[in-house]
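Colleague: So that we are looking at the same thing, I have put the structure below in structure tokens.
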Amino acid sequence: MNHVVLLLVVQLSLTFGVAGLLWPERLVAVFDVLMFPWPATHKMVRANALGAILLALFLFVTLFARLHS
């Protein structure tokens, strides 16, 4: 069951990462709410999207290493 939760986190992270790279203008409103004192920009959304994709890659490698050890 732990692997299912980790796979779900990987998929959600990858989904939001790709969405942030392809449609940053749609996610700016979400980031305006999440980062209240600072204005959200397309550059900030893309940076967070790249971070989400890197997180998904890291979690996938971690899961892969656990399954094959």
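Colleague: Scanning for something outside any helix (DSSP H, G or I) and free of Cβ contacts under 8 Å to residues at least 60 places away in the same chain, does the stretch 46-62 turn up at least one residue?
Modeller: Taking the stretch 46-62 and keeping what is outside any helix (DSSP H, G or I), we get none.
Checked against the condition, which is being outside any helix (DSSP H, G or I) and free of Cβ contacts under 8 Å to residues at least 60 places away in the same chain, the stretch 46-62 yields no hits at all.
Colleague: If we keep just the residues of the stretch 2-16 that are modelled with pLDDT under 85 and not hydrophobic (A, V, I, L, M, F, W, C), which is nearest to F58 (Cα to Cα)?
Modeller: The residue in question is S13.
Colleague: Evaluate the following for L7: is it open to solvent by 70 Å² or more (accessible area, probe 1.4 Å) and either touching a residue at least 40 places away in the same chain (Cβ under 8 Å) or basic (K, R) (or both)?
Modeller: yes
Colleague: I want to confirm something. Restricting to the stretch 17-30 and keeping residues that are part of a helix (DSSP H, G or I) and under 28 Å from V61 (Cα atoms), which single residue is most open to solvent (accessible area, probe 1.4 Å)? First the steps, then the outcome.
Modeller: Just the residues of the stretch 17-30 that are part of a helix (DSSP H, G or I), to begin with: 17-22, 24-30.
From what's left, under 28 Å from V61 (Cα atoms): 17-22, 24, 27.
On the way: G17: 0, V18: 63, A19: 22, G20: 1, L21: 55, L22: 106, P24: 4, L27: 35 Å².
Per the criteria, the residue is L22.
Colleague: Inside the stretch 39-53, can you point out the residues that are in contact with a helix residue (DSSP H, G or I) (Cβ under 8 Å, 6 or more places away or on another chain) and open to solvent by 90 Å² or more (accessible area, probe 1.4 Å)? Can you show your working first?
Modeller: First, the residues of the stretch 39-53 that are in contact with a helix residue (DSSP H, G or I) (Cβ under 8 Å, 6 or more places away or on another chain): 39-42, 44-46, 48-53.
Answer for the stretch 39-53, where residues must be in contact with a helix residue (DSSP H, G or I) (Cβ under 8 Å, 6 or more places away or on another chain) and open to solvent by 90 Å² or more (accessible area, probe 1.4 Å): P39, H42, R46, L50.
The values are calculated or read from the model by the stated rules, or taken from the named source; none is laboratory data. No experiment lies behind these values; they were computed from the predicted model shown. Glycine gets a Cβ as well: all are built from the backbone with ideal geometry, and neighbour counts include every protein chain shown. These accessible areas exclude ligands, DNA and RNA; they are computed on the full protein's heavy atoms, side chains included. Shrake-Rupley method; radii C 1.70, N 1.55, O 1.52, S 1.80 Å.
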